[in-house]
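Below is one structure, written out as structure tokens; comments come after it.
Taken together, the values in this text are just the output of simple stated rules run on the coordinates, not laboratory data. It should be emphasised that the depicted structure is a prediction, and the values quoted were computed from it without experimental measurement. Backbone-built Cβ (ideal geometry, glycine too); neighbour counts: all protein chains shown.
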Amino acid sequence: MTRKYKLNTIAAMGLVAAALFLPACTQTPQVTDDDISLIDDIQLVELLQENPKLLIVDVRPDYRYRLSHIPDAINIPLPELSPDDPRFAKVKHVVVYGDGPRNALSQAAAKKLLASGKITVSDFRGGLDMWNRNSRKTETSH
């Protein structure tokens, strides 16, 4: 084996290693269920008292939002949710919610926003079901 062949082989191996390693460095970090901060309705009320500008995002489909939602919540259905949405530009903390604990919309939304690394997110996993069970005020939109 010639010295030139050995150097070319080593260089080729280095390029292959770089090709395999570099994409992993540029991918969005994986967010797991353990990364999500879960809150209940009492904690949500406390957060609203501490920060009246807290952004609450209902990630359910628009027609569900219009029927009933948490006061002052905005609707961004999960398929339309993006961390680059201008409504998140000046917000430090976002609370997402869906229908209830068995509905995975809020969990998926929290992961999507957390993966950006730009926003602090809490998941009100009990959603509108828990909000209603505890006789909290709701709004409708038409």
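First measure r as the distance between the Cβ atoms of SER141 and SER82, then evaluate 1/(1 + (r/R0)^6) with R0 = 35 Å and state the FRET efficiency to the nearest 0.05. Don't jump to the answer; show the numbers that get you there.
Values: r = 21 Å, r/R0 = 0.61.
The value I calculate is 0.95.
Aspartates and glutamates within cross-link reach of LYS137: Cα-Cα under 14 Å, excluding same-chain residues under 8 positions apart?
Once the sequence-local aspartates and glutamates are set aside, what remains near LYS137 is ASP41, ASP72, ASP129.
Could you give the nm distance between label points at LEU67 and LYS53, where each point is 7 Å from its Cα heading toward the beta carbon?
Placing both labels 7 Å beyond Cα along the Cβ direction yields 3.4 nm.
How large is ³J(HN,Hα) for each residue in the stretch 79-93, as worked out from phi by the Karplus curve 6.51 cos²θ - 1.76 cosθ + 1.60 (θ = phi - 60°), to whole Hz, x for Gly and Pro?
x, 9, 5, 9, x, 8, 4, x, 5, 8, 4, 10, 9, 9, 9
Once you put a point 7 Å from the Cα of LYS90 and another 7 Å from the Cα of ALA108, both along the Cβ direction, what distance in nm separates them?
Going from the LYS90 label point to the ALA108 one covers 3.1 nm.
For the stretch 33-133, what is the per residue volume of the convex hull drawn over the alpha-carbon atoms, in cubic angstrom? Can you show the working numbers first?
Details: hull volume 9.4 nm³, N = 101.
Each residue corresponds to 93 Å³ of Cα convex hull volume.
Collect residues whose amide H, placed 1.01 Å from N in the peptide plane, falls under 5 Å from the amide H of LEU38; neighbours closer than 5 in sequence don't count.
Long-range HN contacts for LEU38: ASP123.
Pairs of Cα atoms under 8 Å, at least six residues apart: use those to get the relative contact order of the stretch 33-133, whole percent. Walk me through the intermediate numbers first.
Values: 170 pairs, mean separation 35.3, N = 101.
With pairs under 8 Å counted, the relative contact order is 35 percent.
What's the magnitude of the charge dipole for the stretch 30-142 around its Cα centre, counting Lys and Arg as +1 and Asp and Glu as -1 at the beta-carbon? Answer in Debye, nearest 20.
Details: 15 positive and 17 negative charges, 42 e Å.
The calculated dipole for the stretch 30-142 is roughly 200 debye.
What's the extension gain from ASP34 to ASN132 if we count 0.36 nm per residue and subtract their Cα-Cα distance?
On the way: separation 98, 0.36 × 98 = 35.28 nm, distance 2.66 nm.
Separation in residues times 0.36 nm, less the Cα-Cα distance, equals 32.6 nm.
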